[in-house]
1. Give the residue, chosen from G61, G75, G71, that is under 15 Å from V198 (Cα atoms) and crowded, with 20+ Cβ neighbours inside 10 Å.
2. Run down R101, R85 and say which single residue is surrounded by 22 or more Cβ atoms within 10 Å (Cβ to Cβ) and either without any contact (Cβ under 8 Å) to a residue 60 or more places away in the chain or basic (K, R) (or both).
3. Would you pick out the residues in the range 20-76 that are polar (S, T, N, Q) and over 17 Å from S98 (Cα atoms)?
4. Take the range 15-41 and flag every residue that is in contact (Cβ under 8 Å) with a residue 40 or more places away in the chain and surrounded by fewer than 16 Cβ atoms within 10 Å (Cβ to Cβ).
5. For the range 106-127, what are the residues that are open to solvent by less than 70 Å² (accessible area, probe 1.4 Å), among the small types (G, A, S) and modelled with pLDDT of 95 or more?
6. Mind listing whichever residues of the range 14-32 are assigned to a loop (DSSP other than H, G, I, E, B) and among the hydrophobic types (A, V, I, L, M, F, W, C)?
7. Please specify each residue of the range 166-186 satisfying the condition of being assigned to a loop (DSSP other than H, G, I, E, B) and touching a Leu at 6+ places or on another chain (Cβ under 9 Å).
Amino acid sequence: MGTIAATGLVSAQALFTQDFSAIEPGPMPDEFLVLDGQFSVTENAGNRLVELPGAPLESYGFLFGPNETSGVEAGARILATKTGRKFPTFGLGLNGASGYRLQVVPAKSAIELLRGDFVVASAPFQWQSGTWTRLSLAVKKSGATGFQLEGSAWPASGEAPRQPMVTFSDPKPQPGGKASVWGMPFSGTPIQFDDLTVTRLGGS
């Protein structure tokens, strides 16, 4: 449980936090926009969270938090498992459903930063099946109209990286939009989501 601190920043302002502890198990609350998938609030060992079923084997996501363009960092804690040689994929996004997405790809032992179907940056990452993984993705202004994307993933039981694991500079203006989380249960087992945050970056 708990929130995800903005990485490497002196000051920050929480714009959205949700650990689901005060939400009754059942359908997703109205504050979330489900794009596709049978997401629901459930309880596991006394901890309430959002769960995506292990079938069908497609890509699913939902939006959360305020509409923002830049100067924010989104965070989430995600748990998934593999089945034999079948691996899930899961991720965290910014700037709406069509914005940038940071995803953990266990089949490649990597994290990838994507815009649409295109991978714009990647880094090695050793994912552990059945354990919680924290993800953070920030978007900052860069120059007159450009933006800098910075993303990281790490075991929830450990410390966040001191520097972003993947970065990408985009000279084009970004659209405003909500943060998002995504799950692709290719292993046929559920994916769980918890501790969703959106933070205003200090000095942005």
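1. Every option except G75 fails the conditions.
2. R101
3. S21, Q38, S40, T42, N44, N47
4. T17, L33, L35
5. Passing the criteria: S109, A110, A121, A123.
6. Within the range 14-32, F20, A22, I23, M28, F32 qualify.
7. Q174, P185, F186
Residues checked against (1) surrounded by 14 or more Cβ atoms within 10 Å (Cβ to Cβ); (2) at pLDDT 95 or above:
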| residue | (1), (2) |
| --- | --- |
| S129 | yes, yes |
| K141 | yes, no |
| L149 | yes, yes |
| P175 | no, no |
| A179 | yes, yes |
| F186 | yes, no |
| D194 | yes, yes |
| G203 | no, no |
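The values are calculated or read from the model by the stated rules, or taken from the named source; none is laboratory data. All values derive from a computational prediction rather than experimental measurement. Using ideal geometry, Cβ is built from the backbone for each residue, glycine included, and neighbour counts are taken over all protein chains shown. Accessible surface areas use protein heavy atoms only, side chains included; no ligands, DNA or RNA. Shrake-Rupley method; radii C 1.70, N 1.55, O 1.52, S 1.80 Å.
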